[in-house]
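The values are calculated or read from the model by the stated rules, or taken from the named source; none is laboratory data. For clarity, every value in this text was computed on a predicted model and none was experimentally measured. Here the Cβ is made from the backbone with ideal geometry for all residues, glycine too, and neighbour counts use every protein chain on show. Surface accessibility is based on the protein's heavy atoms, side chains included, excluding ligands, DNA and RNA. Shrake-Rupley method; radii C 1.70, N 1.55, O 1.52, S 1.80 Å.
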There are 2 protein chains.
Amino acid sequence: MLLGKQIMVSELNPKPIVLKIGGSAITFKEKPLTPNLRVMKRIAKEIAKAKVSRLLIVHGGGSFGHPIAREYAINEGFKDQTQNLGFCWTHNAMVTLNSLFVNMLIQHCIPAVGVAPSSCILTKHGRIHIFHDKAITKFFEASFVPVLYGDAVMDLAKGFSILSGDQLVSNLALRFEARRIIMGVDVDGLYTADPKEETGANLIPELTLEELKELEKSLRKSQTVDVTGGMLGKVRELIPVVEKGISVSIVNATKPNRIYNALKNKKALGTYIQKG
Amino acid sequence: MLLGKQIMVSELNPKPIVLKIGGSAITFKEKPLTPNLRVMKRIAKEIAKAKVSRLLIVHGGGSFGHPIAREYAINEGFKDQTQNLGFCWTHNAMVTLNSLFVNMLIQHCIPAVGVAPSSCILTKHGRIHIFHDKAITKFFEASFVPVLYGDAVMDLAKGFSILSGDQLVSNLALRFEARRIIMGVDVDGLYTADPKEETGANLIPELTLEELKELEKSLRKSQTVDVTGGMLGKVRELIPVVEKGISVSIVNATKPNRIYNALKNKKALGTYIQKG
């Protein structure tokens, strides 16, 4: 009887999957403020088909968030009042992208609810410091799918900052004890070099925590640019998560069925990071 | 010296004005999901021209929020899973309207930041129970203009509920010790009867708290429909605010310069409610 009850409870309340959808997948990176509705729609279909219970989604900014945030140096914190409108533009562009993506998810019968990070999170020196997560907890309990995003947020040390979707993924996974993290990006996974720049770049299919740390250390020592095309900075955010035993799949969200397979925990092209 | 410093502080941190913009002003009420961009633009211009320091804006749902919320009976709380998508549609429609209005405000150089009520507020039996207002406080300190809205929110007693923009106005005014409240609606103020239904309806230019309470009591006793066209329900929400000495102006947001004059505290057509 006890076993039966335990199974039931775990089925009702399994640990969540945290799914990141990169901004470069759901927007046209070279065209400011232009959503890629075709990819958004396919991803929505795959999420609906996978029928995962307890899902938390985070999306990036792509051509909605990054160009304006960069122009006004929002990530460097408050320097003068001229940045304030840039902060506003950045946040509102992200709200717009969120409403488009959430709309697509609801159209595919996913009970998605946009959650505005800047309304409930404050950073300090760019790191999450206060996170009022009561609403997200309640959304979860009622079977909703919270959809957060990289955002311009208030910062207790430097006025304001950019909270990246990647930091959010890591924080949410630890906070809600995720069973897995899926990072949907615009390449096939983690490479030995930037696949967009070098033809000899090789996909790394599997990585242990130790291997990941070694890679991170050697890159940090060499003081060069990130040869993996900025991917390591992303993965670095995930080291504390993998340390807690949460596995990470990095897959290509721009290619059909990669997100679906990752959600169903089926092996497919991508990089799999596990503690060891 | 002390006096000088006190004045400086009060100039830097005057009490805020809470400005409500009715959904029926910034949307076409009869056309689902259709914003009235012309009125939005004029209101944005008037707010920019008034140059008010410390402003808090709340807008209603109009044809974005109300039809879907009504169809799925969101305000009655959770009854079955079929309502969940209705909750999602309602919230996302409000996010969309918010991003349109905030975009218009930023275009007019107002440092507006959308704040999602459902991300930081939980109700209980439909009344605000938990309100994480730290982000709003920080936005204020940095001279931003937070823009909230009536929203579908999680409710600790009945699952979910509708948090009206009017309840939000009242709560924010008390919470941030507002100096004044301005209610922008789609009629000239509070009438003795519904001006949209009866030609003999007279505008009430001024009302004391006692007169307001008398009116509310007589209507409640007669158990009839609200003869003022739903306006009294709105004003009823404001009774505790007026009791605290905060004055309320009800003006027509669909007519030029009414919002501007109210922001500048100039007398113009409308209803003025004061403690007495």
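Rolling a 1.4 Å probe over the protein heavy atoms of the protein assembly as shown, with every protein chain left in place, gives an accessible area that is 53 percent carbon and sulfur.
What is the sum of charges around residue A:29, taking Lys and Arg as +1, Asp and Glu as -1, for the other residues whose C-beta is under 12 Å from the C-beta of residue A:29?
That works out to 0.
Taking the chain by itself as reference, segment A:121-165 contains these residues with an accessible-area loss of 40 Å² or more in the full protein complex (1.4 Å probe, heavy atoms): A:122, A:132, A:134, A:135, A:138, A:139, A:144, A:154.
Using a Förster radius of 45 Å, what is the FRET efficiency between residue A:194 and residue B:174 based on their Cβ-Cβ separation? Nearest 0.05, please. Intermediate values should be presented prior to the final figure.
Numbers: r = 55 Å, r/R0 = 1.22.
According to the calculation, E is roughly 0.25.
Calculated FRET efficiency, residue B:79 to residue B:130, Cβ-Cβ distance, R0 = 22 Å: about 0.45 to the nearest 0.05.
Each of residue B:107 and residue B:266 was given a label point 7 Å from its Cα along the Cα-to-Cβ line. The distance between the two points is 2.5 nm.
With 30 Å² as the minimum drop in accessible area between chain alone and full protein complex (1.4 Å probe), the qualifying residues in segment A:47-94 are A:84, A:85, A:87, A:88, A:89, A:91, A:92.
So what is the 222 nm mean residue ellipticity for chain B from helices alone, if each DSSP H run of at least 4 adds -39500 (n - 2.57) and you divide by all residues, rounding to the nearest 500 deg cm²/dmol? Present the calculation step by step, with values, prior to reporting the outcome.
Numbers: 12 runs with 119 residues, N = 276.
Dividing the helical sum by the residues of chain B leaves -12500 deg cm²/dmol.
Straight Cα distances below 12 angstrom link residue A:29 to the aspartates and glutamates A:186, with same-chain residues fewer than 8 positions distant left out.
Can you tell me the dipole magnitude for segment B:235-276 around its Cα centre, using point charges on the Cβ only (Lys, Arg +1; Asp, Glu -1), in Debye to the nearest 20? Value, rounded to 20: 200 debye. Average accessible surface for the protein assembly as shown: 44 Å² per residue, computed with a 1.4 Å probe over protein heavy atoms with every protein chain in place.
Comparing Cα centroids, segment B:141-201 and segment A:203-219 end up 54 angstrom apart.
Greater than 25 Å separation of Cα atoms is the criterion. Which listed pairs, A:41/A:138; B:41/B:267; B:15/B:138; A:138/A:213; A:41/A:266, meet it? Flagged as over cut-off: A:41/A:138; A:138/A:213. On the basis of the beta-carbon distance and an R0 of 30 Å, residue B:137 and residue B:243 show a calculated FRET efficiency of 0.80.
Sorted shortest first, the distances from the residue B:256 label point to those of the same residue in the other copies are 5.7 nm; each point sits 7 Å from Cα along Cα-to-Cβ. Quick one: work out the % antiparallel among DSSP beta bridges in chain B, nearest 5. The antiparallel fraction comes to roughly 35 percent. For residue A:210, the distances from its label point to the matching points in the remaining copies are 8.4 nm, ordered from shortest, with each point set 7 Å beyond Cα toward Cβ.
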